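Where a number appears in this text, it was derived from the coordinates with a stated rule and is not lab data. Please read all numbers here as calculations on a predicted model, not as lab measurements. Cβ placement follows ideal geometry from the backbone for every residue including glycine, while neighbour counts extend to all protein chains displayed.
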């Protein structure tokens, strides 16, 4: 018999912070308790920035772990939960905020390569060299000469930092990890009984996390790095069948043979060879992924989109990409991982579309929308449309957009800011336009993903009013306080239709495609107001926003709509831009 809400303990008793819970946190936790009492196993918490999602998730984890509830299938869960985050740096922050700070039981785990091995550099390589060490008949000399000496034959001898961390994580009340590790363990690791609860943070990314993890992308550059005999380049492969046949008949046998050869060579050397073990590790991972890809395609070939492309400069050769169309077939890795699943995001998307894209029944999903605790006047969203930035109109609109960008920078000449340029091409045009202006030295423009973190730190550390210009800082970056008091969204960020999976998905579900743009805009607008005392103004310059709003206003959450300020004319825009 299902317990009633009155039978369940109050989650607030497990609140992990010294400061009292905020009203939004209490509301969310009461909702979770009541939803569980009503028999819901999937619960969505739509919580704007400032609601304190981390504390909500941690409290729900400790609370649910205290009850040991069964899953839908009636299988008893193991005590504890898993808290999923998108990035490794967020693991450290969450661990500091909810475990170390409050002295709650829990542990964080990352990939083996993130752990130091005194002999091999990192545990990813050390684990590749484990075979000799793991043998109970190996002598001490053999263990020290061939295998990793830090991997013991039993718990009493275990000294491997990664294995010890993993053991703590598996036994913890709250295990914190990232999507990549979680999915790797779920798909390639040993089967485990479900936990009491799974906290899925930034759940608006869940669909893309599942799809990208399961895609099979290969390029000539990757093959060159692997130095495979007989396979130097990817041939022209026009269909998914051609690609999977080539992988099965040509690539996989060579990769498997090469992985075995490298592993054997590493094991037979008298001295450890880190480079050799790294190569063996890389090849064995690719072998396993190729096998997994072939199984997935064989089971559900209609759920795959395939295309082949060449680099724009034609120097990087061909790339073959096979990507699942829908994430729903992979959701069992989430739903079977725990008896209760709590999904959290500032904006998960429109409820029906979110559930549809993940194969969830909307009627079986409990969903609460929390209000924003930030004053509306602190976070105005100025709809300051200068013209359409669609592909066919961008060239005509660009001079007006560049002029307005310059005027906004004039207005905030002594304040740090952020410009979301949507594409590197638009970023180049803005950067070139400003290069010889008074603001040229303010611009920090990361021209690839590898430069983002470096320039963000430079922006943080600089006392100058620097401005970050990027197409890929719409989420995951925190511009609190003076790090940005203004920002510009230059274009409605519809997904790139050159991605064949996106194009196919749009044909299947136009509402899904539109929601991606809305979701990105909402995430972008939340970069600069990070607390109730933060003040930041957002300018949306793309005239296409008006049509997006008129046709899809139901997708925008109330707290976001409350902050919208429509500029009725260019004169009004000038007043906003030029006024003090």
Handout entry: DSSP bridge orientation in the stretch 188-338 - percent antiparallel, rounded to nearest 5
Key = 90
Practice task
Measure out, as a whole number of angstrom, how far apart the alpha-carbon centroids of the stretch 408-455 and the stretch 526-565 sit.
Solution key: 22
Exercise for the section: Let me know the Rg and Dmax you get for the stretch 216-317 when you use only its Cα atoms, in Å. Expected result: 15.2, 50
Exercise for the section: Express in whole angstrom the spacing between the alpha-carbon centres of the stretch 1-60 and the stretch 458-506. Expected result: 31
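Give the shape of the stretch 205-274 as rounded, prolate or oblate, defined through the alpha-carbon gyration tensor: a ≥ b ≥ c are the square roots of its eigenvalues, a/c under 1.5 means rounded, and otherwise the shape is prolate if a/b is larger than b/c and oblate if not. Can you show the working numbers first?
Numbers: a/c = 2.53, a/b = 1.51, b/c = 1.68.
Oblate is the answer for the stretch 205-274, as a/c is 1.5 or above yet b/c matches or exceeds a/b.
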Fill in the blank from the handout: Distance in Å, no decimals, from the C-alpha centre of the stretch 325-364 to the one of the stretch 169-185 is 19
Practice task
Would you order 540, 443, 43, 368 from fewest to most other beta-carbon atoms within 10 Å of each residue's own beta-carbon?
Solution key: 368, 443, 43, 540
Practice task
Evaluate Rg over Rh across the stretch 256-373, taking Cα atoms for both radii and Kirkwood's formula for Rh.
Solution key: 1.14
Exercise for the section: Run through all the Cα pairs of the stretch 151-238 and give the fraction in each 10 Å bin from 0, expressed as whole percent. Expected result: 12, 30, 27, 22, 10, 0
Practice task
Can you check what the Kirkwood hydrodynamic radius comes to for the chain, Cα pairs only, in Å to one decimal?
Solution key: 26.3
Exercise for the section: Report, please, the projected area of the stretch 431-552 averaged over directions, based on the convex hull of its C-alpha atoms, in nm². Expected result: 9.2
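Rank these for me by crowding, 506, 174, going from fewest to most other beta carbons within 10 Å. Each step should come with its number before you reach the end.
On the way: 506 18, 174 28.
Ascending number of Cβ neighbours within 10 Å: 506, 174.
Once Rh for the stretch 310-373 is found with the Kirkwood sum over Cα pairs, what is the Stokes-Einstein diffusion coefficient at 37 °C and 0.692 mPa s, in µm²/s? Don't skip to the answer; put the middle values down first.
Numbers: Rh = 15.1 Å.
Translational D for this selection: 218 µm²/s.
Counting other C-beta atoms within 10 Å, which of 323, 310 has the fewest, and how do the rest follow?
Numbers: 323 21, 310 12.
Least to most surrounded, the residues fall as 310, 323.
Only bridges whose two residues both fall in the chain count here: according to DSSP, what percent of them are antiparallel, nearest 5?
Details: 14 of 62 bridges.
Of those bridges, close to 25 percent are antiparallel.
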